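Worksheet: the structure to be examined is printed underneath.
The values are calculated or read from the model by the stated rules, or taken from the named source; none is laboratory data. Since we're looking at a predicted model, the values are computed, not measured. Positions of Cβ are generated from backbone atoms using ideal geometry, with glycine treated the same way; all protein chains shown enter the neighbour counts. These area figures cover heavy atoms from the full protein model, side chains too; ligands, DNA and RNA do not enter into them. Shrake-Rupley method; radii C 1.70, N 1.55, O 1.52, S 1.80 Å.
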Amino acid sequence: MTQNSYSLAELVIAACAEVWRDNGEVMATGIGPLPRIGAGLAKLTFAPAIQTTDGEAWYTSEPVGPGKRAAEPEYEGIANYDRVFSALWSGKRHALVGPVQIDRYGQANISVIGDHKKPKAAMLGARGFPGNSISHPNSFFFASHNKRAFVEGEVDFVCMAGYNPARYRNGQPPQGLDLRRIITNLCVMDFGGPDHQIRVISLHPGVTFEDVQDNTGFPLARIADEIPVTPAPTPEQLELIAKIDPNNVRATVFKDNPAGDRRAA
């Protein structure tokens, strides 16, 4: 790579960081390597007030990246159940999660593929998704943008509440529902379409709206006729990403993805 170039993973990390812009003092939970590094990047740049953890049981003053640690981080305090759930239930958490399926209204699935009574594949179960979805803001990351992930109709099992008006007696979603952004290997999206349906707000370099639509199981809204290009990470951001991720775990995420070897100047 040249001095001004970056990988798709680094572009995605910078886009992930943006979900925590102007959030104030909240617990930032990034599930998976790129969202986790993105939370660290946000904390070291424009969102110093967000709280990050070591991924285990402690809040830390500096971000802790994925993989082997060269030294123990500086701990600020224990992240036990009481502190974590006090933040969660009071809305003082913003999670960037990675479900297996999502539909046009943001309903997400991490439980089963196929019929719940006789699934083709069983995964994590609903876990905390139902309560989390109506308690604090949530965003999403998909390493592979395709029709198996962005499904036609509803997800196979609704674990996380979404904006589908048919799911609510009065057509109105719960007051605490706050779905914000989706970052994929192709684009960045939000829920600014009609009735809070998914909308494309930026395209990664070299990607067209048609590329995104062809890999999505439902019609997408678009922020404008000319959709902006996802902003590139700055040289300063690239330096911080390397600091947060000295093990270069980010390079493994798109290893088997055809879009993963893109470089942009």
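Which residues, taken from segment 40-56, are open to solvent by less than 40 Å² (accessible area, probe 1.4 Å) and either over 18 Å from R21 (Cα atoms) or polar (S, T, N, Q) (or both)?
T52, T53, D54
Just checking, which of E25, E18 is closer than 17 Å to L240 by Cα, open to solvent by 30 Å² or more (accessible area, probe 1.4 Å), touching a residue at least 60 places away in the same chain (Cβ under 8 Å) and out of contact with any helix residue (DSSP H, G or I) (no Cβ under 6 Å at 6 or more places or on another chain)? Just a single option satisfies the conditions, and that option is E18.
Could you tell me whether S61 is among the small types (G, A, S) and closer than 16 Å to V249 by Cα?
no
All conditions in (1) without any contact (Cβ under 8 Å) to a residue 60 or more places away in the chain; (2) under 19 Å from the mean Cα position of the chain (by Cα); (3) farther than 20 Å from L11 by Cβ hold for V200, with the sole exception of (3). Within segment 60-75, does at least one residue satisfy the condition of being at pLDDT 95 or above and open to solvent by less than 50 Å² (accessible area, probe 1.4 Å)? There is no residue in segment 60-75 that is at pLDDT 95 or above and open to solvent by less than 50 Å² (accessible area, probe 1.4 Å). The residues of segment 121-165 that are closer than 15 Å to M189 by Cβ, under 17 Å from the mean Cα position of the chain (by Cα) and surrounded by 16 or more Cβ atoms within 10 Å (Cβ to Cβ), listed by number, are N138, S139, F140, F141, F142, A143, S144, H145, A149, F150, G162. Checked against (1) of a type outside the set (G, A, S); (2) open to solvent by less than 10 Å² (accessible area, probe 1.4 Å); (3) free of Cβ contacts under 8 Å to residues at least 12 places away in the same chain, Q172 passes all but a single condition, namely (2).
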